[in-house]
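The values are calculated or read from the model by the stated rules, or taken from the named source; none is laboratory data. Values in this document were obtained by computation on a predicted structure and should not be read as measured data. Quick reminder, even Gly has a Cβ in these numbers, built from the backbone with ideal geometry, and neighbours come from all protein chains shown.
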Amino acid sequence: MTSALNIANLLQQKAEYWIMQEKKNSQSVIGTLIRHIEEIKKLREPQKKAIEVYLWLKFVGNNQKLSDIIEKGLLYDEEQAEQYDNFYAFGNNYITQFLNQFLQDNGVKNLHRKLVNDPNSQMINWEPAFMSLSR
C-alpha cells in the first residue's frame, strides 16, 4: 500500500502533475503564470503549492464541491487503488473505491467490513457516509 489516503495529498499530487503538463505547453496561460511565479521567487513553497491546488480545483475541478470531484473520478488513480484490498470488488464506482481506500488507511474496520460486504450499495446507501468524509 502507498502512503495513507489523504485528500490534501491527493489534490496536491493531481495539481502537481497538471501544473507540470501546463508548464510544458508554451500556449498555456496557467503554465506561463506558474513559470513567472517560479522565476520571481517571491512566494514560499507552501504558497506556490496552494496556488497550484487552487488552479487545479478551479480549472480541472470546475469549482465543484470536493464530493463531486471525487464522485466523477478526478482524484482517482487506478494504479494506487489497485494496491488496496478488495479493489476489484468495487469496479468503476469512484465513491466506493475512495471509501475502500479511506477506511483502510484510517483503520475504520467495522465500516470497511460493511462496505466490502455490500460493494454495489444494495443494502447500504454509501453516499451519506461519503458526503460526511469529503466535507
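Of all residues in the range 54-71, those that are surrounded by 14 or more Cβ atoms within 10 Å (Cβ to Cβ) and farther than 14 Å from MET20 by Cβ total 8.
Quick grid of which residues meet (1) of a type outside the set (Lys, Arg); (2) under 17 Å from the mean Cα position of the chain (by Cα); (3) surrounded by 15 or more Cβ atoms within 10 Å (Cβ to Cβ):
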{"residue": "ASP85", "(1), (2), (3)": "yes, no, no"}
{"residue": "THR96", "(1), (2), (3)": "yes, yes, yes"}
{"residue": "ASN106", "(1), (2), (3)": "yes, yes, no"}
{"residue": "LEU115", "(1), (2), (3)": "yes, no, yes"}
{"residue": "ASP118", "(1), (2), (3)": "yes, no, yes"}
{"residue": "MET123", "(1), (2), (3)": "yes, no, no"}
{"residue": "PRO128", "(1), (2), (3)": "yes, no, no"}
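When the test is whether a residue is part of a helix (DSSP H, G or I), within 17 Å of LEU10 (Cα to Cα) and of a type in the set (S, T, N, Q), THR96 passes it. Checked against (1) outside the structural domain of ILE19 (by TED's automatic domain parsing); (2) part of a helix (DSSP H, G or I); (3) free of Cβ contacts under 8 Å to residues at least 40 places away in the same chain, GLY31 passes all but a single condition, namely (1). For the range 80-88, the criterion of being modelled with pLDDT under 90 and on the phi < 0 side of the Ramachandran plot is met by at least one residue.
In the range 96-123, the residues that are more than 23 Å from ILE69 (Cβ to Cβ) and of a type in the set (A, V, I, L, M, F, W, C) reach residues that are modelled with pLDDT of 90 or more and surrounded by 11 or more Cβ atoms within 10 Å (Cβ to Cβ) with C-beta atoms within less than 6 angstrom, at least six apart or across chains, in these pairs: VAL116/ASN86. Against the test of being touching an Asp or Glu at 6+ places or on another chain (Cβ under 9 Å), at pLDDT 90 or above and among the charged types (D, E, K, R), the options LYS41, LYS49 yield a single qualifying residue, LYS49.
Taking the condition touching a Gly at 6+ places or on another chain (Cβ under 8 Å) and in a loop (DSSP other than H, G, I, E, B), does LEU74 pass? Yes: the conditions hold for LEU74.
In the range 113-135, which residues are at pLDDT 80 or above and polar (S, T, N, Q)? Those that are at pLDDT 80 or above and polar (S, T, N, Q): ASN117, ASN120, SER121, GLN122, ASN125.
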